[in-house]
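The values are calculated or read from the model by the stated rules, or taken from the named source; none is laboratory data. Fair warning: this is a prediction, and the values are worked out from it, not measured in the lab. Glycine also receives a Cβ, built like all others from the backbone with ideal geometry; neighbour counts cover every protein chain displayed.
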Amino acid sequence: MHEYHFRFQEMEGMGLGAVATKDFEPGELVLAEKPVLAIRTMEGGDEWENELNRQFDQLSAEGQAEVWKLHDACLQKPEKSLNGILFTNCIGRDPQARFDAALFLQLSRFNHSCSPNLEQSWDEDAGQAHLIAAEPIKAGDELFTHYVELRLPREERRQRLHESYGFWCNCSKDRACAKTDWAESDRRRNEMKRLDEQIKKTKGNPERGLQLVKKLLKLYDKEGLHVAGFRKWNCLSAMEFALHTGDVASAQRWARKGYDYSRLAHGSQHRDTRWLAQLKEDPSSHPAFEHRFESVKNQALYAFGVAMLVVVGTVYYW
């Protein structure tokens, strides 16, 4: 059984929180946990709620009691509800499912920061949620994950956290919300979101796309936002842009960077990391390379067709 190096304790004004009991290096596993309740369905209606109640009823009395200790920020009545506990604490795993939610007893105790020192991810093959150190952490430091999109301005993040979880974020010490230069931090985070959205729309201009990725990676550093998962996807986009230009050597360098970030974000056994391990050895196996090949082939066929028309026209008129 894995020995975890953190403890839960009362945090002033924040309820329970997790504190490191040893130093952690970036990429080091802090927690791997299987869900106590997990619902994934493609069905509509109340199917998810029926499944939630069925799974809860199958828990031991001790397991049910532990679930009931979790916070309910959706409180509409004097007493808690199972639905409220689920929606307050669950994570999503499969964006393709009609309803997907997984509840964890330990993960739910980690508090939020707008500049988290942990990376959270779901490992489908292991059936576990992982928390991995995103930056160097000292023994005695509180361990933070995040509950909302981080690339939003401060007040929008705080509003979403209040509406969904019932608290106003004021990240302490050197975390994001306690900074005095909120305007500059907001400018950087707004620019991160804008660049990320632009990158997804810049498939037809790979040179421009590469410029955007480089600019975005520098912004993460300036803001001190150590979320390797963001960088992983941006590096993968850069690899695709490089493949579209036919620069396989550059694509390989970007794939290596993406692999390094994926290893930091998810660990070496995560399926994204294993996929990027293959791409860093042979980026031409990515569909973007096939697209480039088809594009070049189509352009060659077009040029050949135009040349034939010119020849036929010349012979005809001659």
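Could you grab the pairs with beta carbons closer than 7 Å, sequence gap of 6+ or different chains, first residue in the range 77-90 and over 13 Å from Q55 (Cβ atoms), second one surrounded by 18 or more Cβ atoms within 10 Å (Cβ to Cβ) and among the polar types (S, T, N, Q)?
Final answer for the pair search is N89/S108.
Consider L31 carefully, then state whether it is in contact with a Phe, Trp or Tyr (Cβ under 8 Å, 6 or more places away or on another chain), in a strand (DSSP E or B) and surrounded by fewer than 16 Cβ atoms within 10 Å (Cβ to Cβ).
On the way: in contact with a Phe, Trp or Tyr (Cβ under 8 Å, 6 or more places away or on another chain): yes; in a strand (DSSP E or B): yes; surrounded by fewer than 16 Cβ atoms within 10 Å (Cβ to Cβ): no.
No; evaluated as a whole, the condition is false for this residue.
Quick grid of which residues meet (1) touching a residue at least 24 places away in the same chain (Cβ under 8 Å); (2) assigned by TED's automatic domain parsing to the domain that holds S115; (3) among the β-branched types (V, I, T); (4) loosely packed, with under 14 Cβ neighbours inside 10 Å:
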{"position": "R157", "(1), (2), (3), (4)": "yes, yes, no, no"}
{"position": "H162", "(1), (2), (3), (4)": "no, yes, no, yes"}
{"position": "C171", "(1), (2), (3), (4)": "yes, yes, no, no"}
{"position": "S185", "(1), (2), (3), (4)": "yes, no, no, no"}
{"position": "G204", "(1), (2), (3), (4)": "no, no, no, yes"}
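Mind checking whether some residue in the range 20-30 is within 25 Å of G166 (Cβ to Cβ) and either touching a residue at least 12 places away in the same chain (Cβ under 8 Å) or under 28 Å from the mean Cα position of the chain (by Cα) (or both)? Working first, answer last.
Applying the first criterion (within 25 Å of G166 (Cβ to Cβ)) to the range 20-30 yields none.
No, every residue in the range 20-30 fails to be within 25 Å of G166 (Cβ to Cβ) and either touching a residue at least 12 places away in the same chain (Cβ under 8 Å) or under 28 Å from the mean Cα position of the chain (by Cα) (or both).
Scan the strands (runs of 3 or more DSSP E) fully inside the range 63-148 and keep the ones with 2 or more residues being modelled with pLDDT under 95 and touching a Ser or Thr at 6+ places or on another chain (Cβ under 9 Å).
Values: elements: 99-103, 118-123, 128-133, 142-145.
In the range 63-148, 99-103 are the strands (runs of 3 or more DSSP E) which contain 2 or more residues that are modelled with pLDDT under 95 and touching a Ser or Thr at 6+ places or on another chain (Cβ under 9 Å).
Is it the case that the range 87-101 has a residue that's under 17 Å from the mean Cα position of the chain (by Cα) and hydroxyl-bearing (S, T, Y)?
So far as the range 87-101 goes, no, none of its residues is under 17 Å from the mean Cα position of the chain (by Cα) and hydroxyl-bearing (S, T, Y).
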